[in-house]
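Here, each number is a calculation from the coordinates, and none is a lab measurement. Just so we're clear, the structure is a prediction, and the values are computed from it rather than from any experiment. As a convention, Cβ positions derive from the backbone with ideal geometry for all residues, glycine included, and neighbour counts pool all protein chains shown.
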Amino acid sequence: MKRQAALGAVLAIALAALGAMAAAERDLGNAGQFDDSPPAATVAPRPGSAFMSPELQAMQRDDMANPGMLWVADGEALWRRPAGASERSCASCHGAAEQSMRGVAARLPAFDAARRGAIDLRQRIESCRQDRQIDEPWPPESQRSLSLEAYVAHQSRGMPIAPPDDPRLAAARERGRKLFEQRIGQLDLSCAQCHDANAGRRLGGSTIPPADTSGYPVYRLEWQALGSLQRRLRNCMSGVRAQPYEFGAQELIDLELHLNARAEGVAVETPGVRP
């Protein structure tokens, strides 16, 4: 009897999951039929915040209400604090972040000669910490890593995203485009099917935005915490039942390069707030 009850519970969960998937497909329109074609018309890129409720937009704009500003404040303290064997702080070399870091996040990922490839903002910060401060690496998504990244990115708030016009990035950006359009996972979906073909429609109670990078790191109400773009990408991969890439994987950097190219001209919003 216990075995039958357990099997019944598993079956009920499976049926509920299938029902949720079917409902999601209906929300995306056309009885679950996804459109593989590109959008009918090209429109000016907009940040994800443009698709949020007025209440969430107001929360993001108000630094006293935006929860992400708590991480920014922690990041400012880290910027000024001596660390590592060098006993130097970020400010020891870079001075006031308001001047020295203005525009940096808007231009990353960028080509790094030492690594012979593209690196994102977190990797750039880690490179400086380990090479200049002679300090131990911080794990991805750790409080300190997100705080310092948010603080540096916050200095570019209001500036347009400006991907580097660097031919050395062309191959990685093209790989990112292909990854964006590639169907993956048990649900056999691509990023483009949601964020291009179905942008503006609703899924799970939220409007599907065009994929953009303007607010990262962002505070997501779903997470009740700040998180990186790579965390969000990995969440999407898990959502379509695909194996996510590891944090820092080249594929995630390539995707960010492509997303930044799509979002060129959109103002940086860090720290963003998202549902």
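Near the amide H of I184, under 5 Å away, which other amide H atoms are found, from residues 5 or more places off or on another chain, if H is placed in the peptide plane?
HN-HN under 5 Å from I184: L189, S190.
Can you list the HN-Hα couplings for the range 121-127, worked out from phi with the Karplus curve (6.51, -1.76, 1.60; θ = phi - 60°), rounded to whole Hz and with x for Gly and Pro?
5, 4, 5, 5, 5, 5, 4
Cut-off is 10 Å between beta-carbons; in what order do E55, E269 appear when sorted fewest neighbours first? Intermediate results must be reported in sequence, preceding the final value.
Values: E55 8, E269 25.
Ranking E55, E269 by Cβ neighbours within 10 Å, fewest first, gives E55, E269.
Skipping prolines and chain starts, which residues have an amide H placed within reach, meaning under 5 Å, of the one on R220, given they are 5 or more residues away or on another chain?
A225, G227, R274
Measure out, as a whole number of angstrom, how far apart the alpha-carbon centroids of the range 108-142 and the range 195-218 sit.
Centre-to-centre (Cα) distance: 28 Å.
Just need the relative contact order of the range 193-262 here, percent rounded to a whole number, with Cα pairs under 8 Å and 6+ apart.
Values: 56 pairs, mean separation 15.2, N = 70.
Worked out over the range 193-262, it gives 22 percent.
Compute the signed sum of charges (Lys and Arg +1, Asp and Glu -1) over the other residues within less than 14 Å, Cβ to Cβ, of V152. All intermediate terms of the calculation are to be shown ahead of the outcome.
Values: positive: R80, R102, R107, R122, R124, R129, R144, R157; negative: D74, E76, E98, D120, E126, E149.
Counting the neighbours of V152, the net charge comes to +2.
Assuming a ≥ b ≥ c are the square roots of the Cα gyration tensor eigenvalues, decide whether the range 145-275 counts as rounded (a/c under 1.5), prolate (otherwise, with a/b larger than b/c) or oblate. Don't skip to the end; give the middle numbers.
Values: a/c = 1.45, a/b = 1.12, b/c = 1.30.
Because its axes are fairly even, with a/c under 1.5, the range 145-275 counts as rounded.
Relative contact order for the range 66-134: what percent, with Cα pairs under 8 Å and sequence separation of 6 or more? Could you put the intermediate results ahead of the total?
On the way: 45 pairs, mean separation 19.4, N = 69.
Relative CO of the range 66-134 lands at 28 percent.
According to a simple spin-label model (label point 7 Å from Cα along Cα-to-Cβ), what is the distance in nm between D62 and L203?
Going from the L203 label point to the D62 one covers 3.1 nm.
Can you give me the long-range amide H partners of A110? Hydrogens built in the peptide plane at 1.01 Å from N, cutoff under 5 Å, separation of 5 or more residues or another chain.
Those lying under 5 Å, H to H, from A110 are I119.
Among C191, S214, Q224, which residue has its Cα positioned farthest towards the positive end of the charge dipole of the range 179-229, with +1 placed on the Cβ of Lys and Arg, -1 on the Cβ of Asp and Glu, and the dipole taken about the Cα centre?
Q224
What share of the DSSP beta bridges in the range 136-275 is antiparallel, in percent to the nearest 5?
Approximately 70 percent, going by the DSSP bridge assignments.
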